[in-house]
1. Which of the residues that make up segment 10-46 are hydroxyl-bearing (Ser, Thr, Tyr), crowded, with 16+ Cβ neighbours inside 10 Å and under 21 Å from Trp99 (Cβ atoms)?
2. How many residues are of a type outside the set (Val, Ile, Thr), exposed (fewer than 10 other Cβ atoms within 10 Å of the Cβ), at pLDDT 70 or above and not in a strand (DSSP E or B) when one looks only at segment 90-110?
3. Can you name the condition, by its number, that Lys55 falls short on among (1) touching a Leu at 6+ places or on another chain (Cβ under 6 Å); (2) closer than 21 Å to Trp99 by Cα; (3) at pLDDT 70 or above; (4) buried (at least 16 other Cβ atoms within 10 Å of the Cβ)?
4. Determine, yes or no, whether Thr63 is exposed (fewer than 10 other Cβ atoms within 10 Å of the Cβ), β-branched (Val, Ile, Thr), at negative phi and under 15 Å from the mean Cα position of the chain (by Cα).
5. State the number of residues belonging to segment 62-89 that are at pLDDT 75 or above and either among the acidic types (Asp, Glu) or not in a loop (DSSP other than H, G, I, E, B) (or both).
6. List pairs: first in segment 10-35 and at positive phi and modelled with pLDDT under 90, second aromatic (Phe, Trp, Tyr) and surrounded by 15 or more Cβ atoms within 10 Å (Cβ to Cβ), Cβ under 9 Å, 6+ apart or cross-chain?
7. Could you list all residues from segment 31-48 that are part of a strand (DSSP E or B) and within 17 Å of Arg6 (Cβ to Cβ)?
8. From the set of residues in segment 15-47 that are within 19 Å of Asn66 (Cα to Cα) and among the polar types (S, T, N, Q), which is nearest to the chain's Cα centre (by Cα)?
Amino acid sequence: MGTNGRPLGDAEIRFEQIGRQISPIISRTDANGHFTVEVTRGLYKMSLGSGAAVKASITVKATGLNSRIDFDLRPSAEKKIKHYVWVGGETGTHLPGRWVEADIRADSSPGH
């Protein structure tokens, strides 16, 4: 979503693999703000640009599975940022690790 709440059409989506000297993978959003890219496993800097300006940038980890990434650029005082941590699989099991939402607050000291 663009800052006006409407889909951001014809925006540039760029994936740059971190730590590797390969050309970035670049795509553009359609009129509905959708895009599709195929990347190999690895850590990427993903950026969304409109015109000459970068509007948003995040780091993503591609695992080889289908993933969905959403950008919402609307300003909002109520927007909550979610933080995730990687939790490895339990010792003695064949269960893989997973991303878990972490409760990170400014008042997260003991007793709060």
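1. Going residue by residue through segment 10-46, those that are hydroxyl-bearing (Ser, Thr, Tyr) are 23, 27, 29, 36, 40, 44.
Next cut, crowded, with 16+ Cβ neighbours inside 10 Å only: 29, 44.
Of everything in segment 10-46, just one residue is hydroxyl-bearing (Ser, Thr, Tyr), crowded, with 16+ Cβ neighbours inside 10 Å and under 21 Å from Trp99 (Cβ atoms), namely Tyr44.
2. Residues that pass the stated criteria total 5.
3. Going through (1) touching a Leu at 6+ places or on another chain (Cβ under 6 Å); (2) closer than 21 Å to Trp99 by Cα; (3) at pLDDT 70 or above; (4) buried (at least 16 other Cβ atoms within 10 Å of the Cβ) one by one, Lys55 breaks only (2).
4. Working: exposed (fewer than 10 other Cβ atoms within 10 Å of the Cβ): no; β-branched (Val, Ile, Thr): yes; at negative phi: yes; under 15 Å from the mean Cα position of the chain (by Cα): yes.
For Thr63, the condition - exposed (fewer than 10 other Cβ atoms within 10 Å of the Cβ), β-branched (Val, Ile, Thr), at negative phi and under 15 Å from the mean Cα position of the chain (by Cα) - is not met.
5. 5
6. That search, which allows pairs on different chains as well, returns Gly33/Phe71.
7. Step one: of segment 31-48, the residues part of a strand (DSSP E or B) are 42-48.
Selection gives Leu48 alone.
8. The first filter runs over segment 15-47 and keeps only residues within 19 Å of Asn66 (Cα to Cα), leaving 15-17, 25-29, 33-47.
Adding the requirement that they be among the polar types (S, T, N, Q) leaves 17, 27, 29, 36, 40, 47.
Details: Gln17: 13, Ser27: 15, Thr29: 15, Thr36: 14, Thr40: 16, Ser47: 9 Å.
Among those that are within 19 Å of Asn66 (Cα to Cα) and among the polar types (S, T, N, Q), it is Ser47.
The values are calculated or read from the model by the stated rules, or taken from the named source; none is laboratory data. As the structure is a prediction and not an experimental result, all values here were calculated from the model. In this analysis, Cβ positions are derived from the backbone assuming ideal geometry, glycine residues included, and neighbour counts consider all displayed protein chains.
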